Amino acid sequence: MTLNDFAGWAGYGLALTGIAAAGLFLVAAGGGFAGWAVIAGLASLAALSGSAAIFGGVTRHDQKMHHSTPHML
């Protein structure tokens, strides 16, 4: 597996995890579960920022090395 494939799939998986955690955050906050809302909000933030960091870091590296950027197919 190349670095671009890893970055594409890991970024995609973390983004989906972040979106799911954001949904859990909204449900917990709406239901009055403040503790679970904080946990879900932090998990969402961590997953989305991790996705952006992986994809952004590999894209920057590939641009410096004149390679193609990460893609799914």
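The values are calculated or read from the model by the stated rules, or taken from the named source; none is laboratory data. Just so you know, these numbers come straight off a predicted model, no measurement behind them. With ideal geometry, Cβ positions are generated from the backbone for all residues, glycine too; neighbour counts draw on all protein chains shown. What goes into the accessible areas is simple: the full protein's heavy atoms, side chains included, and nothing from ligands, DNA or RNA. Shrake-Rupley method; radii C 1.70, N 1.55, O 1.52, S 1.80 Å.
For (1) at pLDDT 95 or above; (2) open to solvent by 100 Å² or more (accessible area, probe 1.4 Å), each residue gets a yes or a no:
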| residue | (1), (2) |
| --- | --- |
| 3 | no, no |
| 18 | yes, no |
| 36 | yes, yes |
| 45 | yes, yes |
| 52 | no, no |
| 57 | no, no |
| 62 | no, no |
| 66 | no, yes |
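Cβ-Cβ contacts under 9 Å between residues 6 or more apart (or on different chains), taken from a first residue in the stretch 1-17 that is under 10 Å from residue 47 (Cα atoms) to a second residue that is modelled with pLDDT of 85 or more and acidic (Asp, Glu), are absent.
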